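First up is the structure itself, then whatever we jot down about it.
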Amino acid sequence: MRSVLLFCILACVAATSVVDFRSALIIASNKIDATLTSRSSGSWPTKTSPDGTSWVTVGTRSSGYTAGLAWLMFENTGNTTWATLAAAAQNGLPTTGYDLGLIHSVSYGNQYRLLGDASALNTMVNSRAKLSTTYWRNGLNSISSRGQVYNAKFYSLFMDNLVDLDLFWTLDSVKPNATYTNYAQSTAGTFAKEFVRSDNSTFQLIEFIGTKWYVTSTKGTQTGYDGDSTQTRSHAFAVLGFALATKHDTNYLVPAQSTADYLLQKTQTDPIPFYDVADSTTKDSSAAAVFAAGLLTLSAALQEGATGKYFVAAERILNTLHNDYTAPHSSASVLAHGVRNFQSREVDDGLIEGDYWYVKALLLYSAQVVEDITSTSVEETTSVEDITSTSVQDITSTSVQDITSVKETTSTIVEETTSTSVEETTNTSVQDTTSTSVEETTTSTRTETQTASASTVMMSFMALLAILLV
């Protein structure tokens, strides 16, 4: 039966049209190893230098990605050296600020997911409590992305911060706190209500004053083309963030699908989006990487499998990134051509953010392929087992019927022979003749019966063997 199962798995692999991204993961592994072993303690890469050969640190929002990439490599290989490097990269990570949700989800969140580490869980619990102190009730009813600015008049939300709430969704199942979960739920609801336009495009930034939302003087974007457009990486974070929120509430499938469909429509001719839908000159590999991770997360939430619409779209993105956007060997990053901030002209760089979500998407893709193959193999193996069971029952039933028939024939022969022998012999030889006739006939019949039984068993065995070998 193991041979049958193996045959089914191999058949499924051959029949399933999937892309082998092992070479992409090998390239990523080499780049990530170089990044982790060469970085200075307390520094975390953000973008590559102008020549692409080294990393530059800008701010702290991306600080968790370095450890996160090491955890993803540990997940992919099982090599504990990666876990050691990941733990080292977590030393000194920020413990305050508005971006803790993202920073600690991709670092400590992966550590807890993969190892069940109690200290990692405790760090996440503390971060949730700190983030909850930024919850603003006066009409905003959301966890802020940024504190009061402009003379304490404004609170703000960035579309990118929707994905930060995954820290809350993760803890909701292992360390539930109704108050904190309600904060996260309300925040996600605000994103769905206020950030998604009627055509399913999104704002990147909205600021709050008094009791009303309004688009700021930057016209709804901080790093995109303009306020009336859609910065594609932020939009991709909307897809990913809403898909992750379905772990708490499946109603978020609606905005997840609508925002996904919007960007898919914008990338029909080329799966790699421009940095902004209003631009047609500069592609952004990081937006594509986040979008691929979002589509695969959405695909899994919908349980659509490897032939589903969003899975196939993600595969197309990953294939293009691997073939056309892999950074040169001399570059520090995995992917080239990322756009961090168009407004400050930070374009055509390698971005640690893009690298993380690219590797994450590769692993999500591989996991779904394995799940589909395993599921199909089990179903086909079960079918083979059912056929085998039915065949064995049929063979056994036929064999029993044949043997019973032989036995009935034997009984008749014995009776008829005995009767004839008695009639033809004299009284003095009845006993001897009868005894001899019965013994000879019985012996002959027993031999026939044994031969028939052995033949039937052999036929049964050969039939069963044939079934198992098919």
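The values are calculated or read from the model by the stated rules, or taken from the named source; none is laboratory data. None of these values were measured; they are calculated from a predicted model. Backbone-built Cβ (ideal geometry, glycine too); neighbour counts: all protein chains shown.
Scanning the range 302-313 for residues that are aliphatic (A, V, I, L, M) and more than 22 Å from Thr232 (Cα to Cα) yields Leu302, Ala306.
Among the residues of the range 130-157, none is identified as out of contact with any helix residue (DSSP H, G or I) (no Cβ under 7 Å at 6 or more places or on another chain), at pLDDT 90 or above and surrounded by 13 or more Cβ atoms within 10 Å (Cβ to Cβ).
Which residues, counting only those in the range 294-312, are surrounded by fewer than 23 Cβ atoms within 10 Å (Cβ to Cβ) and touching a residue at least 40 places away in the same chain (Cβ under 8 Å)? Break it down into steps so the answer makes sense when it comes.
Taking the range 294-312 as the starting set, the residues that turn out to be surrounded by fewer than 23 Cβ atoms within 10 Å (Cβ to Cβ) are 300-309, 312.
Listed by number, the residues that qualify are Ala300, Ala301, Leu302, Gly305, Ala306.
Looking only at the range 207-221, filter to residues that are hydrophobic (A, V, I, L, M, F, W, C) and modelled with pLDDT of 55 or more; which one of those is surrounded by the fewest Cβ atoms within 10 Å (Cβ to Cβ)? Explain how you work it out, then say what you get.
Step one: filter the range 207-221 for residues hydrophobic (A, V, I, L, M, F, W, C), giving 208-209, 213, 215.
Subset that is modelled with pLDDT of 55 or more: 208-209, 213.
Working: Phe208: 23, Ile209: 14, Trp213: 19.
Out of the qualifying residues, it is Ile209.
So for the range 91-113 (the condition being modelled with pLDDT of 95 or more, surrounded by 13 or more Cβ atoms within 10 Å (Cβ to Cβ), more than 29 Å from Asn161 (Cα to Cα) and of a type outside the set (D, E, K, R)), does at least one residue qualify? Scanning the range 91-113 turns up no residue that is modelled with pLDDT of 95 or more, surrounded by 13 or more Cβ atoms within 10 Å (Cβ to Cβ), more than 29 Å from Asn161 (Cα to Cα) and of a type outside the set (D, E, K, R).
Among the listed residues Thr60, Thr81, Thr66, identify the single one that is farther than 30 Å from Gly305 by Cβ and modelled with pLDDT under 95. Working first, answer last.
Values: Thr81 fails: modelled with pLDDT under 95; Thr66 fails: modelled with pLDDT under 95.
Testing whether each residue is farther than 30 Å from Gly305 by Cβ and modelled with pLDDT under 95 leaves just Thr60.
For every residue, the table says whether it meets (1) farther than 28 Å from Ser173 by Cα; (2) out of contact with any Phe, Trp or Tyr (no Cβ under 6 Å at 6 or more places or on another chain); (3) in the same structural domain as Ile206 (by TED's automatic domain parsing); (4) hydrophobic (A, V, I, L, M, F, W, C).
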position	(1), (2), (3), (4)
Asp226	yes, yes, yes, no
Ser229	yes, yes, yes, no
Arg233	yes, yes, yes, no
Val239	no, yes, yes, yes
Phe242	no, no, yes, yes
Tyr275	yes, no, yes, no
Phe291	no, yes, yes, yes
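Residue count for the range 83-101 satisfying the condition of being under 18 Å from Gly116 (Cα atoms) and among the hydroxyl-bearing types (Ser, Thr, Tyr): 1. For the range 280-293, a residue qualifies if it is in contact (Cβ under 8 Å) with a residue 24 or more places away in the chain and either surrounded by 19 or more Cβ atoms within 10 Å (Cβ to Cβ) or small (Gly, Ala, Ser) (or both), and the qualifying residues are Lys283, Asp284, Ser285, Ser286, Ala287, Ala288, Ala289, Val290, Phe291, Ala292, Ala293. Looking at the range 196-206, can you tell me whether even one residue there is at positive phi, modelled with pLDDT under 95 and surrounded by fewer than 20 Cβ atoms within 10 Å (Cβ to Cβ)? No, because not a single residue in the range 196-206 is at positive phi, modelled with pLDDT under 95 and surrounded by fewer than 20 Cβ atoms within 10 Å (Cβ to Cβ). In the range 52-73 there is at least one residue matching the filter, namely being in contact with a helix residue (DSSP H, G or I) (Cβ under 7 Å, 6 or more places away or on another chain), touching a residue at least 12 places away in the same chain (Cβ under 8 Å) and assigned to a strand (DSSP E or B). For the range 68-90, the criterion of being surrounded by fewer than 24 Cβ atoms within 10 Å (Cβ to Cβ), among the charged types (D, E, K, R) and within 27 Å of Leu171 (Cβ to Cβ) is satisfied by at least one residue.
Out of Ala178, Ala118, Ala188, one residue alone is surrounded by 14 or more Cβ atoms within 10 Å (Cβ to Cβ), more than 18 Å from Thr60 (Cα to Cα), assigned by TED's automatic domain parsing to the domain that holds Pro45 and out of contact with any strand residue (DSSP E or B) (no Cβ under 8 Å at 6 or more places or on another chain). It is Ala188.
What number of residues in the range 92-134 are part of a helix (DSSP H, G or I) and not basic (Lys, Arg)? Full working, then the answer.
Within the range 92-134, the subset part of a helix (DSSP H, G or I) is 100-106, 108-115, 118-132.
With not basic (Lys, Arg) added as a condition, the list becomes 100-106, 108-112, 114-115, 118-127, 129, 131-132.
Residues that pass the stated criteria total 27.
If you go through the range 56-77 and pick out every residue that is touching a Ser or Thr at 6+ places or on another chain (Cβ under 6 Å) and within 14 Å of Ala332 (Cα to Cα), you end up with 2. Output yes when any residue across the range 275-291 is within 17 Å of Ser29 (Cα to Cα) and among the acidic types (Asp, Glu), and no when none is. Within the range 275-291 (the criterion being within 17 Å of Ser29 (Cα to Cα) and among the acidic types (Asp, Glu)), the answer is no, since none of the residues qualifies. Exactly one residue out of Ser234, Ser286 is in a helix (DSSP H, G or I), out of contact with any Lys or Arg (no Cβ under 8 Å at 6 or more places or on another chain) and within 25 Å of Lys47 (Cα to Cα), and it is Ser234.
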